[in-house]
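The structure appears right after this line, and notes come after that.
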Amino acid sequence: MKDRTKVWLRAAEPALYALLGALLGAAVGAVIVLFGRGVDFFAAFGAEHFSLYVWFLPAVGALTAAMLRRWGGGSAGMAAAFRASRGEARAFPLRNVFFQFAGTWGAHLFCASVGREGAGVQIGAAIGGGIGARVPLAGADKILLVAGMAAGFSALFGTPVCALFFALEVTVVGTLRLRALIAAAFASFTAWAVALLCGYGPHAAEIAVAVEWSVPLLLRLFVLGAACGVAGMLFCLFRRLFAALFRTAFPNALLRAAAAGLLLAALLYLTGGRYSGLGTNLIDLALAGSAQPYDWLVKMLFTAAFLSAGFLGGEVTTFFAAGACLGGVLGGLLGLPPALAACLGYAAVFGAATNTLLAPLLLCVELFGGDLLPYAAVVCIAAYLFNFGHSVYDQKVREDVIRKAVGRRIRRKKRRLPLPVRLY
């Protein structure tokens with residue numbers, strides 16, 4: 001009788017996760033639309049009053065640090081979400097949804113140079129993990145947490161296929177979280193559909209490709225990709241450098257956020273707000289061929305500093321902006337159409353900084369059209385090779401995760417329904 005029950009449960013598991021993924025995607029999609037519209041509203045409102053509002057950044061930073069210290073309990077941030085997805089932490093609490101709304105909206109209202117993807121992914125992870133913890137299936141909390149990450153990314157950027165593979169490959173280097181495939185796929189596409197129904201779409205452009213394949217073109221694309229890989233690696237190094245510098249100078253988190261916020265506010269003011277907010281202004285300039293040679297580097301430095309100081313938001317939109325600016329500038333030097341090079345850089349720096357390969361390739365196709373696929377493949381592979389294994393996220397290699405998973409299975413017995421416990 002028990003064997004028959006196990007067989008039935010194994011057969012029903014894909015359908016159950018498909019249903020749970022669709023329900024999760026609908027919930028996350030609705031929440032992300034509210035979050036994204038709020039980011040757009042507050043960023044635009046803050047930009048209109050930039051010269052005044054930017055000086056409130058020290059207060060926003062201190063309040064964010066106080067909120068996380070009082071209620072975060074060490075379970076906030078992308079690193080905490082990744083640990084929970086790998087089973088290294090008990091849960092990723094639902095209260096992180098509130099943290100991301102309050103912290104990210106506040107950062108954008110007062111013109112901080114941060115993104116929104118980290119917040120969107122964490123909102124999805126918190127909702128998915130909260131639902132999964134109440135589902136009596138083995139590993140449901142981790143599977144639905146990964147599915148929630150995919151849904152948050154998909155609804156925010158309008159790229160369901162990229163979001164699916166980003167969630168599957170980002171937490172563990174060298175593998176895909178294939179057990180979460182069904183739930184993540186249904187969650188990603190449902191969240192994307194909900195966002196579209198609500199009129200929330202991506203920041204994209206149609207690019208006409210008029211370049212003939214040749215060996216010199218292949219080499220130029222590879223050089224562009226290598227430069228994007230190094231740029232992604234530099235962001236990771238900047239992030240660690242600023243974090244160490246701020247921690248050493250200001251051990252107290254509240255004082256650190258306030259002091260760094262004041263310094264960064266003054267620097268943003270001197271630049272006239274060019275590098276505040278999401279960076280969509282820089283993306284538009286890059287696609288038009290008007291970006292400055294230093295825009296990509298300055299935007300990265302500002303974002304790395306803000307996130308290291310304790311502000312909430314994300315990095316991915318910054319990677320998009322920096323990559324587009326770098327690609328647009330290098331495109332002119334390499335003899336590539338600036339708009340084409342900007343689109344390729346847009347995706348490649350994102351892949352290099354997150355140490356992912358499939359996600360940036362699919363992102364480029366979804367946002368800019370399938371004609372870019374062969375060009376994007378060369379550039380994204382080169383970027384993946386030349387980031388030298390760095391990632392802005394707390395990733396683990398596949399062998400480490402498998403070793404820990406096997407050890408946990410030996411040490412303790414599962415108490416949930418007897419479904420397969422393999423992670424990959």
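The values are calculated or read from the model by the stated rules, or taken from the named source; none is laboratory data. Owing to the predicted nature of the structure, the values given are computational and were not obtained by experimental measurement. Note that each Cβ is placed from the backbone with ideal geometry, even for glycine, and that neighbours are counted across all protein chains shown. Heavy atoms of the whole protein, side chains included, go into the accessibility calculation; ligands, DNA and RNA do not. Shrake-Rupley method; radii C 1.70, N 1.55, O 1.52, S 1.80 Å.
crowded, with 21+ Cβ neighbours inside 10 Å and of a type in the set (A, V, I, L, M), is that true of A305? In short, yes. Within the bounds of region 354-365, is there any residue that is of a type in the set (G, A, S) and either under 21 Å from D284 (Cβ atoms) or not in a helix (DSSP H, G or I) (or both)? Looking through region 354-365, none of the residues is of a type in the set (G, A, S) and either under 21 Å from D284 (Cβ atoms) or not in a helix (DSSP H, G or I) (or both).
Residue check: R239 meets all listed conditions (1) of a type in the set (D, E, K, R); (2) touching a Leu at 6+ places or on another chain (Cβ under 8 Å); (3) open to solvent by 70 Å² or more (accessible area, probe 1.4 Å) but one, namely (3). Pick out the one residue from V135, V121, V114 that is touching a residue at least 40 places away in the same chain (Cβ under 8 Å), assigned to a loop (DSSP other than H, G, I, E, B), in contact with a Gly (Cβ under 6 Å, 6 or more places away or on another chain) and among the aliphatic types (A, V, I, L, M). From the options V135, V121, V114, the qualifying one is V114.
For region 69-111, a tally of residues being without any contact (Cβ under 8 Å) to a residue 12 or more places away in the chain and part of a helix (DSSP H, G or I) returns 2. Does region 316-339 contain any residue that is open to solvent by 30 Å² or more (accessible area, probe 1.4 Å), farther than 29 Å from F99 by Cα and part of a loop (DSSP other than H, G, I, E, B)? Yes - at least one qualifying residue is present in region 316-339. Could you go through region 188-199 and let me know if any residue there is of a type in the set (F, W, Y) and either buried (at least 24 other Cβ atoms within 10 Å of the Cβ) or at pLDDT 95 or above (or both). The answer is yes; a qualifying residue exists. For region 345-364, does any single residue satisfy the condition of being farther than 24 Å from G279 by Cα, open to solvent by 10 Å² or more (accessible area, probe 1.4 Å) and free of Cβ contacts under 8 Å to residues at least 40 places away in the same chain? No, there is no match, as no residue in region 345-364 is farther than 24 Å from G279 by Cα, open to solvent by 10 Å² or more (accessible area, probe 1.4 Å) and free of Cβ contacts under 8 Å to residues at least 40 places away in the same chain.
Scan region 143-165 and give yes if some residue there is at pLDDT below 90, open to solvent by less than 10 Å² (accessible area, probe 1.4 Å) and either of a type in the set (S, T, N, Q) or over 17 Å from A26 (Cα atoms) (or both), otherwise no. Checking region 143-165: not a single residue is at pLDDT below 90, open to solvent by less than 10 Å² (accessible area, probe 1.4 Å) and either of a type in the set (S, T, N, Q) or over 17 Å from A26 (Cα atoms) (or both).
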